[in-house]
Amino acid sequence: MPTDFKSLQLKAGIAFSPAAPIDKYSLFSGRLDELTRLIDAITGKGQHAITYGERGVGKTSLANILHEVLKNIGREDVLVTKINCDTSDNFSNAWRKALREIVHISEYPTVGFEPETKQIVMDLSSGLGKVIVPNDIIKAFKRTKKSMVFIFDEFDRIQNNDTDRNFADTMKALSDYGIDGTLVLVGVGDAVDDLIKSHESIVRSLIQVRIPRMTVDELNGILDKGLKELSMEIDDDARERIVILSQGLPHYTHLLGREAVRVCLRSEQIRVTLPNVNKAIEQAVKDAQQTVTSDYQKATSSSHKGHLYKEVLLACALVKGDDLGYFSLAEIRTPLSRIKGKPFEIGQYAQHLANFCTEGRANVLSKIGDKYRHQYRFNNPILRQYVIIRGFMDELLTEDMIDLMPIWTP
Ligand SMILES: Nc1ncnc2c1ncn2[C@@H]1O[C@H](COP(=O)(O)OP(=O)(O)OP(=O)(O)O)[C@@H](O)[C@H]1O
Ligand SMILES: [Mg+2]
């Protein structure tokens, strides 16, 4: 049968999903260690979990496929409920949303000459007052005999002061009463410390699962799964280019994968080549989120001729930094010297970094530490990646500099 290139073009948007978390295990790549630890928390009595990691690293996707994984290991009895928290939430309404999802049947005997048992269908939020306290959650759990998992995605967006303490108290009480329920809190980096500070004794019952950037194998897995869905193939150098430009962030593997596939299909081929990927990079730059492109513009534009903002920001993006993404001024020297093709000293770019931490340059970086030992990091990992891809398109970063890009090994 001849290949239907037009439907493959459309299907590419399903096989690769840069803008949406994964919700099917068949499209989910890697993360076996993290999954194992989460499943241990769910199947182990009295344990809870907190998963955290950089923006865009794959936290929601991991949470989304938990119910399918539990089913695959024979625990379809576990009810998994996922709630998205936002800044307008507090502990009470986050839990109300959660408990509303669980329907159970209450039985009660009628009185009279011929007593019988009547059943009413309720959800677990019924009967709760306006303000929900941890003890209410315990009572709600006791009303059903089911194993339950509640996942609170973006729980650190709840800004109420008592949130951490209330969640910590709830976890502690569930463990102490031996109730078959697990809380999984999903947040970004600093959320864990705050939670633990609220209740040091929960450390024993809390499994902390850090979601690091993805390994080369895991990123390759994303490409393999997407290409398999489309019955397409890819050259090794094209694959390597996508993986290295992704720098451990799955969003870019999906974005570049999808665009490269589409470029390839437009020329009625089914094997993706390096020129296809290079063309896809241009498209990816064009399609980047508007906030990312406007922040980049604000950070790097200047009326001074020969200014260095683009080059310095690119050099920052090329430094791997520590576990939390922080890097020092000195680390910029090598990549910047390579980009400009001549040696640079700290004094020539220190002010640029200071400026990147201001509103006028879109706060693209933030800094910590004292005056003599400042450490910097990107506020948005997706922007950092855009800087690299944009640098590649603008030929500030050339083929012979690919070795500057760190290979992400968590
Ligand atoms: N294990 C995975 N396999 C394949 N694709 C993945 C995987 N994890 C994440 N992705 C993809 O990466 C992108 C970001 O994933 P996701 O939304 O889950 O990240 P996140 O950490 O929740 O992001 P945010 O911090 O913005 O909430 C999505 O396009 C998603 O499809
Ligand atoms: Mg998310």
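The values are calculated or read from the model by the stated rules, or taken from the named source; none is laboratory data. Note that the coordinates shown come from a computational prediction; the quantities given were computed from them, not determined experimentally. Cβ atoms come from the backbone with ideal geometry, glycine included; neighbour counts cover every protein chain shown. Quick note on the areas: whole protein, heavy atoms, side chains included, nothing else; ligands and nucleic acids left out. Shrake-Rupley method; radii C 1.70, N 1.55, O 1.52, S 1.80 Å.
Of note:
- Residue list for the stretch 220-251, restricted to those being within 16 Å of ligand 2 (Cβ to nearest atom) and either assigned to a helix (DSSP H, G or I) or in the same structural domain as LEU62 (by TED's automatic domain parsing) (or both): PRO250, HIS251
- Residue identified as under 17 Å from ILE402 (Cβ atoms) and among the aliphatic types (A, V, I, L, M) among ILE244, ILE270: ILE244
Here's the yes/no breakdown for (1) out of contact with any strand residue (DSSP E or B) (no Cβ under 9 Å at 6 or more places or on another chain); (2) at pLDDT 85 or above:
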position: ASN93; (1), (2): yes, yes
position: LYS97; (1), (2): no, yes
position: ARG100; (1), (2): no, yes
position: PHE113; (1), (2): yes, no
position: ILE120; (1), (2): no, no
position: ASP136; (1), (2): yes, yes
position: MET148; (1), (2): no, yes
position: PHE155; (1), (2): no, yes
position: ASN161; (1), (2): yes, no
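- For the stretch 228-249, residues that are open to solvent by 10 Å² or more (accessible area, probe 1.4 Å) and not polar (S, T, N, Q) total 13.
- Test: residue in the stretch 382-398 that is in a loop (DSSP other than H, G, I, E, B), open to solvent by 30 Å² or more (accessible area, probe 1.4 Å), of a type in the set (A, V, I, L, M, F, W, C) and in the same structural domain as LYS320 (by TED's automatic domain parsing): yes
- Options GLY46, GLY56; residue that is within 14 Å of ligand 2 (Cβ to nearest atom), in contact (Cβ under 8 Å) with a residue 24 or more places away in the chain, surrounded by fewer than 21 Cβ atoms within 10 Å (Cβ to Cβ) and farther than 14 Å from GLY226 by Cβ: GLY56
- Among the residues of the stretch 205-219, just one is more than 9 Å from ligand 1 (Cβ to nearest atom), open to solvent by less than 30 Å² (accessible area, probe 1.4 Å) and part of a helix (DSSP H, G or I), namely SER205.
- Yes/no for ARG157 being touching a Cys at 6+ places or on another chain (Cβ under 6 Å), surrounded by 14 or more Cβ atoms within 10 Å (Cβ to Cβ) and more than 30 Å from SER106 (Cα to Cα): yes
- Strands (runs of 3 or more DSSP E) wholly inside the stretch 30-135 containing at least 1 residues that are of a type in the set (Phe, Trp, Tyr) and out of contact with any helix residue (DSSP H, G or I) (no Cβ under 6 Å at 6 or more places or on another chain): 103-109
Here's the yes/no breakdown for (1) free of Cβ contacts under 8 Å to residues at least 40 places away in the same chain; (2) open to solvent by 80 Å² or more (accessible area, probe 1.4 Å); (3) among the β-branched types (Val, Ile, Thr); (4) in contact with an Asp or Glu (Cβ under 6 Å, 6 or more places away or on another chain):
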site	(1), (2), (3), (4)
GLY74	yes, no, no, no
ILE83	no, no, yes, no
TYR108	yes, yes, no, no
GLY112	yes, no, no, no
SER126	yes, no, no, no
LYS130	yes, yes, no, no
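Yes/no per residue for (1) touching a residue at least 40 places away in the same chain (Cβ under 8 Å); (2) under 19 Å from TYR252 (Cβ atoms); (3) hydroxyl-bearing (Ser, Thr, Tyr):
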residue	(1), (2), (3)
GLU282	yes, yes, no
GLN290	no, yes, no
THR293	yes, yes, yes
LYS305	no, no, no
TYR309	yes, no, yes
ILE339	yes, no, no
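- Qualifying position, being in contact with a Cys (Cβ under 9 Å, 6 or more places away or on another chain) and without any contact (Cβ under 8 Å) to a residue 40 or more places away in the chain, among ILE346, ILE332: ILE332
- Yes/no for LYS225 being surrounded by fewer than 17 Cβ atoms within 10 Å (Cβ to Cβ) and not acidic (Asp, Glu): no
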